[in-house]
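See structure below.
The values are calculated or read from the model by the stated rules, or taken from the named source; none is laboratory data. In this text the structure is predicted, and so the values were computed from the model without any measurement. Quick reminder, even Gly has a Cβ in these numbers, built from the backbone with ideal geometry, and neighbours come from all protein chains shown. Note: accessible area is taken over every heavy atom of the protein model, side chains too, but ligands, DNA and RNA are not part of it. Shrake-Rupley method; radii C 1.70, N 1.55, O 1.52, S 1.80 Å.
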Amino acid sequence: QVQVVESGGGLVQPGGSLRLSCAASGSIFQINAMGWYRQAPGKQRELVATIITSSGGTNYADSVKGRFTISRDNAKNTVYLQMNSLKPEDTAVYYCNARYYSSSNWKALDAWGQGTLVTVSS
């Protein structure tokens, strides 16, 4: 099993910056990729950014490209989301995700964090 825990959310002014952290534990060797998703009030949960374990490759939603950066620290089993030039529309609950495989049947599984609230407002 894999567990993830997010931290770093809070209140920030438009144009400001914030860094979110996601610490993974459990069967870390089973993780194929990690990422960040967000859900704003009245909207569907959407992909923000992902990072591939083996290659380090990343991808981003068009809405955050050039403003957000996903990175990892393998020694700490932690993934970060650096958010710059924040806009009010970035306000959402941000969730960390770990995609991993089951050692018994190799089915892809997802671990989700509890979410951390980011509020961008003056």
- Out of the residues in region 15-29 that are touching a residue at least 40 places away in the same chain (Cβ under 8 Å) and of a type in the set (A, V, I, L, M, F, W, C), which is nearest to L86 (Cα to Cα)? L18
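Taking the condition in contact (Cβ under 8 Å) with a residue 12 or more places away in the chain, surrounded by fewer than 16 Cβ atoms within 10 Å (Cβ to Cβ) and in contact with a Phe, Trp or Tyr (Cβ under 6 Å, 6 or more places away or on another chain), does S121 pass? Steps first, please.
Working: in contact (Cβ under 8 Å) with a residue 12 or more places away in the chain: yes; surrounded by fewer than 16 Cβ atoms within 10 Å (Cβ to Cβ): yes; in contact with a Phe, Trp or Tyr (Cβ under 6 Å, 6 or more places away or on another chain): no.
No; evaluated as a whole, the condition is false for this residue.
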- Message: Restricting to region 63-107, give me the number of residues that are open to solvent by 60 Å² or more (accessible area, probe 1.4 Å) and in a strand (DSSP E or B).
- Response: 4
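Rundown of residues vs (1) at pLDDT 95 or above; (2) more than 30 Å from S104 (Cα to Cα); (3) open to solvent by less than 60 Å² (accessible area, probe 1.4 Å); (4) touching a Cys at 6+ places or on another chain (Cβ under 8 Å), yes/no style:
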residue	(1), (2), (3), (4)
Q1	no, no, no, no
R19	yes, yes, no, no
S25	yes, no, yes, no
N32	no, no, no, no
G35	yes, no, yes, yes
E46	yes, no, no, no
A49	yes, no, yes, no
G56	no, no, yes, no
